[in-house]
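For reference, the structure is listed below as structure tokens.
The values are calculated or read from the model by the stated rules, or taken from the named source; none is laboratory data. Note that the structure is predicted; figures quoted are calculated from it, not measured. Cβ placement follows ideal geometry from the backbone for every residue including glycine, while neighbour counts extend to all protein chains displayed.
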């Protein structure tokens with residue numbers, strides 16, 4: 001074997017071995033068991049499910065709401081990527097770091113925020129009624145497909161923004177400039193040059209958003225209600241309520257195949273649009289607050305509307321955390337914060353809220369490091385190696401995102417109780433489980449940018465005698481650093497928000513922030529849950545600011561800036 | 001130097017863990033609210049004071065999540081818990097529960113003598129009741145006049161209540177399932193499906209869990225919600241107002257009883273039995289009303305005055321036989337889904 005082959009095998013082999021052990025084998029075993037009927041392998045269970053008209057109707061609705069949610073996420077996320085790339089304004093970097101916060105909020109916090117803000121009796125409707133003297137609430141958002149789609153956009157538009165922005169910064173503005181000098185108009189330049197170059201990032205973002213919405217569960221039930229249930233609700237019912245593990249697993253298998261088929265489609269499209277771009281060059285930016293044109297007015301209109309969508313629910317939760325109803329009177333108070341921060345809150349059992357913040361951040365840091373270590377080589381394999389079935393391989397790297405969280409939790413719990421993973425119990429198990437859900441973000445963030453890189457500088461480095469490793473570290477890595485950073489940030493975020501695997505694997509002293517939010521709600525402390533959600537937002541905001549700042553420094557490449 | 005430091009830490013950790021291992025450990029799986037706000041803290045304190053044992057409550061999710069964890073661990077041959085607390089009556093005869101718990105004798109649990117006979121639904125005593133409550137409708141008396149209140153299921157179909165009712169999904173929520181079973185008792189099978197079809201126009205939404213449903217109700221989205229008969233007591237004691245009132249349909253409430261048991265395979269049977277006996281003692285049972293917002297299983301436990309005044313005990317209790325639930329649940333949920341989803 002040539003050194004080159006050994007080198008390649010190592011790059012691909014190590015992360016693959018890890019994934020096989022911690023993901024493919026446990027989940028494969030679950031599906032395999034489900035497809036054995038009376039000791040023999042059979043596809044009959046799958047056929048039975050796919051011919052049930054009720055299941056088909058549910059699948060149809062699931063796909064429909066996911067598609068609509070993805071479209072809205074793109075419609076909101078793309079202009080924001082444009083704003084971040086082309087405009088400067090005070091607090092731009094801060095705002096960019098904070099875009100990710102909605103993505104980590106527990107479903108229940110988002111649901112509460114939406115109920116308080118968009119509800120028939122919510123702040124928005126009451127404000128509009130006062131303003132225009134209406135007697136009935138003018139906006140009906142909840143209890144319909146609209147509420148579900150809006151909440152999914154709340155979660156996923158930030159994802160699109162960050163991924164597209166990372167891609168946009170790798171596009172050399174020289175292309176557009178020369179098109180402009182040749183007389184191409186603004187729209188023509190965008191459609192002809194910018195959009196195709198953005199496609200990989202956009203498609204990646206859309207694929208991730210789609211899978212997320214396809215698997216969504218608590219948000220759909222909370223904001224749409226049972227009339228709008230998704231496949232995931234059905235899987236939950238079979239696994240957890242009916243104890244019908246096999247039929248639940250078969251449905252989960254159908255679900256993952258569907259979401260991977262969609263992914264495959266997106267990746268195929270992405271491949272068709274991918275084109276080489278140069279390197280990170282700072283784009284000329286305009287000031288967001290000066291020189292008012294019609295376009296600028298429209299942009300501000302968009303900023304205001306999307307601002308209402310994002311800030312409304314968040315501010316409502318913050319307001320809720322500072323109010324308390326006592327004897328029919330509403331008071332402004334820090335009562336809820338005092339309650340959850342008092343030392344006797346669960347002094348005997350489990351974790352204090354502050355301890356939970358520490359736990360969450362520790363797990364997220366561990367999961368992020370592991371996800372980047374696994375995701376980066378995988379991205380390199382997908383983007384750089386040429387082999388048969390590469391697209392399929394690429395699709396399969398997304399598999400852990402497409403698996404039902406109920407099924408994944410069950411598979412992992414069993415796997416962590418058997419060798420070889422039983423050695424990794426406790427904290428390690430949680431970090432492993434989180435990193436499995438997080439690494440696809442690293443892969444997806446890096447691949448389009450890596451594929452888009454021109455080979456020139458890399459080949460030059462190789463010609464000058466740099467080893468492949470050195471060329472990667474000194475040339476490619478700095479060029480894709482923003483993408484690595486985005487992947488890492490999302491890996492961190494996924495770990496912060498994860499609940500179902502944590503519930504099954506954790507010990508009481510390792511409770512994470514979202515689990516404490518749930519805890520408080522289960523104990524009827526709705527105000528306390530809102531207060532905890534606010535602490536969660538503050539803690540994650542600080543974490544993201546820190547990662548964004550220090551990440552740019554660690555991954556270096558400052559010298560590549562012009 | 002650094003390496004020695006690391007070694008020191010490792011030795012300390014080792015020492016720490018072996019020290020803790022001296023005492024037997026009793027692991028109790030339960031649901032989140034029982035551990036953090038329920039009587040768990042006091043139980044641990046009392047039990048550790050009288051027994052040489054280290055009690056550990058594990059409660060990372062609701063009781064369904066913890067039950068899933070227990071079942072999985074047993075499949076893999078691991079003894080995760082010694083005691084499980086939080087099984088509902090409707091689950092008593094289910095396939096996934098069978099054989100999970102050790103049958104007990106009343107000699108082992110002296111306090112069983114204080115438990116009302118009608119709560120002892122499991123004759124083998126594998127599962128012992130510790131509290132019970134009633135699912136009823138709760139309404140906002142600022143929004144709905146007490147005179148015009150619906151008193152029967154049929155009156156609930158009145159068009160004046162259009163989009164006024166918040167329910168929970170029986171597939172993901174325990175009160176939701178109780179309400180569905182109640183309608184099946186009332187209208188029979190398959191008559192309940194007609195009732196649900198007729199009810200849908202008056203339903204604002206069917207939330208995933210009780211928490212979301214109650215959130216919507218408190219936010220003023222609709223004036224009626226499926227909840228517990230102790231809600232007035234709760235809002236008086238914890239919120240100082242009494243306008244969330246219980247609405248009895250057919251003079252009934254759907255009764256739910258909650259059980260605990262000793263997990264098969266435990267090496268701490270005696271300690272576990274002592275633990276169960278302690279949970280049934282008057283001292284712990286008197287904490288149930290204002291931490292769990294349920295009625296205690298022990299007849300001798302005294303209720304706090306305000307709880308006694310405001311918690312409603314329906315004159316008549318509806319309850320589905322557990323074996324009937326076990327036999328039909330799958331089909332009922334499927335039929336219910338087909339009527340409600342997209343309807």
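Yes or no, residue by residue, for (1) out of contact with any helix residue (DSSP H, G or I) (no Cβ under 8 Å at 6 or more places or on another chain); (2) modelled with pLDDT of 90 or more; (3) surrounded by fewer than 18 Cβ atoms within 10 Å (Cβ to Cβ):
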{"residue": "A:337", "(1), (2), (3)": "no, yes, no"}
{"residue": "A:342", "(1), (2), (3)": "yes, no, yes"}
{"residue": "A:346", "(1), (2), (3)": "no, no, no"}
{"residue": "A:354", "(1), (2), (3)": "no, no, yes"}
{"residue": "A:372", "(1), (2), (3)": "no, yes, no"}
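For (1) closer than 30 Å to residue B:67 by Cβ; (2) under 26 Å from the mean Cα position of the chain (by Cα); (3) modelled with pLDDT of 80 or more, each residue gets a yes or a no:
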position	(1), (2), (3)
A:242	yes, no, yes
A:274	no, yes, no
A:282	no, no, no
A:289	no, no, yes
A:297	no, no, yes
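When B:176, B:220, B:133, B:188 are screened for being within 9 Å of another protein chain (Cβ to nearest Cβ) and either under 27 Å from residue B:87 (Cα atoms) or surrounded by 24 or more Cβ atoms within 10 Å (Cβ to Cβ) (or both), only B:176 passes. Restricting attention to region B:18-45 and to residues that are surrounded by fewer than 17 Cβ atoms within 10 Å (Cβ to Cβ) and modelled with pLDDT of 90 or more, the residue that is farthest from the chain's Cα centre (by Cα) turns out to be B:24.
Scanning region B:34-65 for residues that are more than 8 Å from chain A (Cβ to nearest Cβ) and more than 16 Å from residue B:276 (Cβ to Cβ) turns up B:49, B:52, B:54, B:63.
Name every residue in region B:227-243 that is over 21 Å from the mean Cα position of the chain (by Cα) and either closer than 19 Å to residue B:173 by Cβ or crowded, with 17+ Cβ neighbours inside 10 Å (or both), in order of residue number.
Correct list: B:236, B:239.
Does residue B:127 qualify as being surrounded by fewer than 20 Cβ atoms within 10 Å (Cβ to Cβ), under 16 Å from the mean Cα position of the chain (by Cα) and not assigned by TED's automatic domain parsing to the domain that holds residue B:321? No.
For the criterion of being surrounded by fewer than 20 Cβ atoms within 10 Å (Cβ to Cβ) and modelled with pLDDT under 90, residue A:183 passes. Screening A:202, A:251, A:261 for residues that are out of contact with any helix residue (DSSP H, G or I) (no Cβ under 8 Å at 6 or more places or on another chain) and either assigned to a helix (DSSP H, G or I) or more than 14 Å from chain B (Cβ to nearest Cβ) (or both) leaves exactly one candidate, A:261. When residue B:311 is tested against (1) more than 14 Å from every other protein chain (Cβ to nearest Cβ); (2) free of Cβ contacts under 8 Å to residues at least 60 places away in the same chain, exactly one condition is not met: (2). In the condition set (1) surrounded by 23 or more Cβ atoms within 10 Å (Cβ to Cβ); (2) in contact with a helix residue (DSSP H, G or I) (Cβ under 8 Å, 6 or more places away or on another chain); (3) more than 11 Å from chain A (Cβ to nearest Cβ), residue B:272 is compliant with all but (2).
If you check residue A:48 against the conditions, is it under 20 Å from residue A:436 (Cα atoms) and loosely packed, with under 13 Cβ neighbours inside 10 Å?
The answer is no for residue A:48.
Return yes when residue A:141 is within 19 Å of residue B:214 (Cα to Cα) and assigned to a loop (DSSP other than H, G, I, E, B) and no when it is not. It is true that residue A:141 is within 19 Å of residue B:214 (Cα to Cα) and assigned to a loop (DSSP other than H, G, I, E, B). Taking the criterion of being crowded, with 24+ Cβ neighbours inside 10 Å and within 14 Å of chain B (Cβ to nearest Cβ), the residues of region A:138-180 that qualify are A:142, A:143, A:147, A:148, A:151. Where helices (runs of 4 or more DSSP H) sit wholly within region B:30-125, those with at least 3 residues that are under 30 Å from residue B:170 (Cα atoms) and touching a helix residue (DSSP H, G or I) at 6+ places or on another chain (Cβ under 6 Å) occupy B:32-36, B:63-75.
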